[in-house]
Amino acid sequence: MPERWPGSLVVELGGAMIGQILLRRAPEHHRPAAVRADPYDHAVTEQSPLAPFILDEADAPQTLHCLMLFDGDMDHVEAVFEEHNAEGNGHGWEGLAQSLVQSLMPDVADLLDFGSESGTFVVTSTDLTGLERLGEVLRDAFHDRGLLARHIQAADPLFLPR
């Protein structure tokens, strides 16, 4: 995955990423298979080791890295959240992630900054390894509905209200 996606603009405030704008190519222009300019292009997303989560690795060691999941992907497992009276949007994924961090990897809890919106799950950190660990846990749950359901059931209601 490229360090920055071609056709993207990162919006920062005070050194923290607060948004990202993705531009779409005209259909007659073909992009190389390794470039993921469109977050809803599942054929390219599947090439990522954390798919469907996207890990945007910044260039410099002290730069903020970002782990994301978009609503087009959340829709595939939203029913699992709904079965347990939880929201399956960006806020629901954030609550689940916060609970998992507290229970499985409390050593990185203070290093992660959550900033999701309803259509996008977002967590940023200067600790790339911590984001990768969280991404692996979330990816595994995304692809195993039983595991996702168990994580939702066990989630701290302070983070994931039901």
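Read-outs: derived from the displayed coordinates by stated rules, not from any lab. All figures in this text were calculated on a predicted structure; none of them were measured in a lab. For neighbour counting, all protein chains shown are included, and Cβ atoms are generated from backbone atoms with ideal geometry for every residue, glycine included.
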Query raised in the report: Checking residue 75 against (1) charged (D, E, K, R); (2) surrounded by 14 or more Cβ atoms within 10 Å (Cβ to Cβ); (3) without any contact (Cβ under 8 Å) to a residue 24 or more places away in the chain, which single condition isn't satisfied?
Result: (2)
**Report entry** Subset of the stretch 144-158 that is among the hydrophobic types (A, V, I, L, M, F, W, C) and closer than 16 Å to residue 82 by Cα - its residue that is surrounded by the fewest Cβ atoms within 10 Å (Cβ to Cβ)
**Finding:** 154
Query raised in the report: Just wondering, is there one or more residues in the stretch 128-143 that are surrounded by fewer than 16 Cβ atoms within 10 Å (Cβ to Cβ), of a type outside the set (A, V, I, L, M) and not in a helix (DSSP H, G or I)?
Result: no
Report summary line: By residue number, the members of the stretch 78-109 that are under 12 Å from the mean Cα position of the chain (by Cα) and surrounded by fewer than 22 Cβ atoms within 10 Å (Cβ to Cβ) are 89, 91
